[in-house]
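Taking it in order: structure first as structure tokens, then the write-up.
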Amino acid sequence: MKQSHAHKLKRHTYSNGTQVYFCTLPDCSFRSAIGLNLGKRTICWRCGKEFLMNVYSLTLAKPHCEECHVFKNEKKQRRIEPNKRDSAVLPVVSVVSTISESIGTNVVSSLKDKMTSALNQVIEYKTLEEKDDDL
């Protein structure tokens with residue numbers, strides 16, 4: 001009797017452009033067209049629990065369940081906010097921005113100094129030319 005199990009699907013694209021899902025579990029040679037997996041039971045790539053494939057999960061190369069899905073705006077907030085267990089550590093984003101601000105300030109001030117000295121040299125040269133013309 002054939003053993004039934006939930007597949008752990010992964011998308012593969014052939015050179016002719018055809019896309020299929022295939023099972024990555026050992027001893028399983030299951031393969032099917034992408035659209036035929038809608039509503040089928042599969043194993044989540046992130047948590048390992050079984051879930052039913054929906055329209056969104058069909059678009060993923062390694063399908064995961066809705067519980068494991070992280071929206072883009074949540075991802076940005078996670079990057080900016082420090083972890084609660086590491087509350088004493090500054091978030092990487094703020095450290096990087098502080099460093100880049102100090103570097104930017106140093107670059108601007110050194111550029112300003114260089115421009116000022118170059119302008120002063122031009123003014124000195126012009127005044128020397130005017131003095132030579134008067135003689």
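Rule-based calculations on the coordinates, nothing more; no lab input. Since this is a predicted model, take the numbers as computed values, not measurements. Cβ placement follows ideal geometry from the backbone for every residue including glycine, while neighbour counts extend to all protein chains displayed.
How many residues does the stretch 21-39 contain that are surrounded by 15 or more Cβ atoms within 10 Å (Cβ to Cβ) and within 15 Å of VAL55 (Cα to Cα)?
Matching residues across the stretch 21-39 total 3.
Take the residues of the stretch 1-40 that are of a type in the set (Val, Ile, Thr) and touching a helix residue (DSSP H, G or I) at 6+ places or on another chain (Cβ under 8 Å): which is farthest from HIS64 (Cα to Cα)?
Quick first cut of the stretch 1-40, residues of a type in the set (Val, Ile, Thr) only: 13, 18, 20, 24, 34.
Filter once more, keeping what is touching a helix residue (DSSP H, G or I) at 6+ places or on another chain (Cβ under 8 Å): 20, 34.
Working: VAL20: 17, ILE34: 15 Å.
This residue is VAL20.
Among the residues of the stretch 52-74, which ones are small (Gly, Ala, Ser) and more than 18 Å from GLY39 (Cβ to Cβ)? Spell out how you get there, then give the answer.
Looking only at the stretch 52-74, we keep the residues that are small (Gly, Ala, Ser), and these are 57, 61.
Within the stretch 52-74, just ALA61 meets the criteria.
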